[in-house]
Each structure stands twice: as structure tokens, then as C-alpha cells.
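The values are calculated or read from the model by the stated rules, or taken from the named source; none is laboratory data. Given the structure is predicted, the values throughout are model-derived calculations rather than measurements. Cβ atoms come from the backbone with ideal geometry, glycine included; neighbour counts cover every protein chain shown.
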């Protein structure tokens, strides 16, 4: 159901195609004057609060981790504020009631311009876009923006945020029945959480310990801080920590719950 | 509009738990006089909305504002949601947003 893209990409706006384990095509607008290249993507419905709390994997790559998933695209719904039109782009602030975020929609042809002409301050809109970060500040590069016409869509969007969170969290915390009997390689192959190339839990956990802010802390980080930041199950994170202790990447400090990187970044 | 403060999803019952806080809800307009709307919440309670914009009677209206009484909201923004709105779904969302999944919204 969610993988269908026969509806001209409308499924991205109306509830389908956001489960990260199913590949979907980016929206291909019917009657559009431009052709959009088809790429495999995951579109995840989110609240802006989830975005502000997302774990930023890599400053250079601007990848984010939310519920153990690196979303290619995000879907947001909220009010438009402070719309500003320029020659090459239209920018505005999107407020969904849980927070606000800057959005930029680059306009390169009449289709883009026409789409943004319909958008006015105070209007509820749904957007599909890419989550980016620059100098620590998060913003959205919008690919498509549509006015909300049926206000039941507001309720639907926030329900879908919860649904996607539960689905992604469930996959991220799937525990094999005989974990103790498996070697480390098999244990991570069974996770199948739909994460990207850098989504290995061990790498992600180690990267947290190797952040400058973490290295600067005398006693390192508490395990609970890692759990809170990554949104993954405690058992999986403790297994990753145990692995890194065994190979010498991190070490315990004041107690069995505090660890610090053995490397200096 | 204060964009720095989140607005909690509430129904009539949950409004009492967020006194003096920024809230958002949907009511069905029953009466509209001089900027004060008497509306029915999605859990069938009567709420008073002060400073509301004019929305036709029987239409659904979203209110974002500050809860200034157990059954009263001082409106900042009102939006006409028309006559087609699923109150039971919104009511369910309010319960989820104040329960297990409140961290998504606040």
C-alpha cells in the first residue's frame, strides 16, 4: 500500500510511502513541465520538535538520525509565517505548534513559481523536503509545497508521526531470540532497521563518544545520555558500548555507566 | 504569534490541565457574539473562546491561544475548518498528545 507511486506522487502528501523499509519514488508531478529523476527515498512524517531533537550524524554530510532511521525526505505540516520572495527562492518559517523551522523553496521555473504563489502567510501547508544543517542551525530545503485543503489532514499528519515513530522504533529494537548464541556480525545483520550506509549502531555510538563536547567531559557520558540522544533500545546501545570497551575504543570512568573515548578525536 | 512556545493539543477535559499555557483545540461553533464564541469541544464539553474571529455557526474552528479558565481560551489565532471535520480522530490525537507521546509535541 505504502510503496505505490501510481498516484503521481500524491501518496507522499496523503499518508503513503513513508515506511523506510519500502522504497518509494520521489513525487513526479502530473502535468509538470519538468521531469524529476527517480531515486529511492524514504519520506518520514515528523513534527518540528522531533527534528530539533534529531541526532546530527555528521557535520559535513548533514545526515540526521531519527528513531534509528536516516530519512531521505521529511514531511511536515504547519502554518506559513514570514514568507519572503526573492528571485531564485522563496523562504518562510513553518510553525506546526511543536516548534518552528526555516524553509527554503528554490524556484527555477514557472511550475515552482506558480506553486509558491498560492502560499500565503497564515496558511496551513504540507511540505516534502530535505532536512539540512548549516553552522548548527537546522532548516528545510523544500521540494514540494501544497496548501492543506481538508483540515482532517492535520489530525492525520500528527497521527502518522506517531505511527512512523512506533514502526521505526519497533524495527530498531527487534531482538533476536538467541542473541547470546550469535557472533557479533550476525547480530547486526538481523537488525534490518532500514538505516543508511553509516547506520551501524556501533559506529553511531562511537561517534557520540568522539564528539568534541564528549571528549571534553572528564567523566565521559552516561549510558542514558546515549540512549536519549539516539532513541535506540538500551540493550543494543549497551552491546555496542561493550564491544567498544573490548576493542579499546572507550573505557569506563567513575562507574559502569560512564564511558569515555580512548581516542582524542 | 509566539512561535517559540509550543501549543498543546487539548480537548475540553484536557484544557483544565494546561491552565495559563498555550493550547490548541478545535470546537464546533454554537454561538458567536461580539468576538466571543461558545463552542462544543471534540469531547462534547462547552468551551468559551474570547477574542475569536468570525466563523459561521456549525462550522468547526481551530483555536490557538492561552487557557485562561477551566473551560475558556483567550484566542491568538482562529481558523475556520469548515463543516467537514472528524472530531473523534482529533479527540484521540489529543489524548495521545497528552499521554504516551507528549514528547512529540512539548
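Residue by residue, here is whether (1) crowded, with 16+ Cβ neighbours inside 10 Å; (2) within 14 Å of chain A (Cβ to nearest Cβ); (3) at pLDDT below 95 holds:
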{"residue": "B:23", "(1), (2), (3)": "yes, yes, no"}
{"residue": "B:30", "(1), (2), (3)": "no, no, no"}
{"residue": "B:47", "(1), (2), (3)": "yes, no, no"}
{"residue": "B:79", "(1), (2), (3)": "yes, yes, no"}
{"residue": "B:105", "(1), (2), (3)": "yes, yes, yes"}
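From (1) within 14 Å of chain B (Cβ to nearest Cβ); (2) touching a strand residue (DSSP E or B) at 6+ places or on another chain (Cβ under 6 Å); (3) modelled with pLDDT of 95 or more; (4) surrounded by 18 or more Cβ atoms within 10 Å (Cβ to Cβ), pick out the condition that doesn't hold for residue A:168.
Of the numbered conditions (1) within 14 Å of chain B (Cβ to nearest Cβ); (2) touching a strand residue (DSSP E or B) at 6+ places or on another chain (Cβ under 6 Å); (3) modelled with pLDDT of 95 or more; (4) surrounded by 18 or more Cβ atoms within 10 Å (Cβ to Cβ), the odd one out for residue A:168 is (3).
Among the residues in segment A:212-219, are any farther than 25 Å from residue A:73 by Cα, in contact with a strand residue (DSSP E or B) (Cβ under 8 Å, 6 or more places away or on another chain) and at pLDDT 85 or above?
no
Quick test for you: out of B:69, B:99, pick the one residue that is out of contact with any helix residue (DSSP H, G or I) (no Cβ under 8 Å at 6 or more places or on another chain) and more than 12 Å from chain A (Cβ to nearest Cβ). Steps first, answer last, please.
On the way: B:99 fails: more than 12 Å from chain A (Cβ to nearest Cβ).
Just one listed residue meets the conditions, B:69.
Across segment A:216-242, what is the total count of residues that are part of a helix (DSSP H, G or I) and under 21 Å from residue A:65 (Cα atoms)?
16
Looking at segment B:7-14, can you tell me whether even one residue there is free of Cβ contacts under 8 Å to residues at least 60 places away in the same chain, within 14 Å of chain A (Cβ to nearest Cβ), at negative phi and surrounded by fewer than 19 Cβ atoms within 10 Å (Cβ to Cβ)?
no
Determine whether residue B:55 is at pLDDT 95 or above, more than 8 Å from chain A (Cβ to nearest Cβ) and either under 11 Å from the mean Cα position of the chain (by Cα) or farther than 30 Å from residue A:169 by Cα (or both).
Taking the combined requirement at face value, the residue does not satisfy it.
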